[in-house]
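In what follows, a structure is listed as structure tokens, so that the remarks can point back to it.
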């Protein structure tokens, strides 16, 4: 069986876009600072939280908001780690490493760094399992994402990089 040409064409276009092929000068997302890896990660997290806020205003997008909250928390912690240490972004391609490193450098206590468990148990089940999103889960994850973001920003204390 061969794949539909619409799918293969879309895949090729996506590959080209990610490799910056055939599109001229890239049109980078507004609001994402490219000065350093830590500013990229922090401002990406800002944008995820902004998107989450917009969806929360519309109501009824619990699953998307939960995903955006998980997506915002990890790069926020990565931003702090990149700012505070000599670590490279490549070191954080595993979310467990991110939260373990946050505990090791003292951003969080080992108990709070159990964000790994929250991610492992709940995000995985939410994403891959048959669990249905709820408003309560959305509210809780939004609280986690916002509080982690604010705390990390307070620790960085370098300029006005956060766009929130």
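The values are calculated or read from the model by the stated rules, or taken from the named source; none is laboratory data. Because the structure is predicted, anything quoted here is derived from the model rather than measured. Neighbour counts are summed over all protein chains in view; Cβ atoms, including those assigned to glycine, are modelled from backbone coordinates with ideal geometry.
Results, tabulated for the structure shown:
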quantity: Test: residue 106 is farther than 22 Å from residue 162 by Cα and surrounded by fewer than 14 Cβ atoms within 10 Å (Cβ to Cβ); calculated: no
quantity: Selected residue [at pLDDT 90 or above and either out of contact with any helix residue (DSSP H, G or I) (no Cβ under 6 Å at 6 or more places or on another chain) or more than 20 Å from residue 31 (Cα to Cα) (or both)] from 109, 147; calculated: 147
quantity: Matching residues, region 22-60, being part of a loop (DSSP other than H, G, I, E, B) and either in contact with a helix residue (DSSP H, G or I) (Cβ under 8 Å, 6 or more places away or on another chain) or within 20 Å of residue 89 (Cα to Cα) (or both); calculated: 22, 23, 28, 29, 31, 32, 33, 34, 35, 36
quantity: Subset of region 125-154 [more than 12 Å from residue 69 (Cα to Cα) and surrounded by 12 or more Cβ atoms within 10 Å (Cβ to Cβ)]; calculated: 126, 127, 131, 133, 134, 135, 150, 151, 152, 153
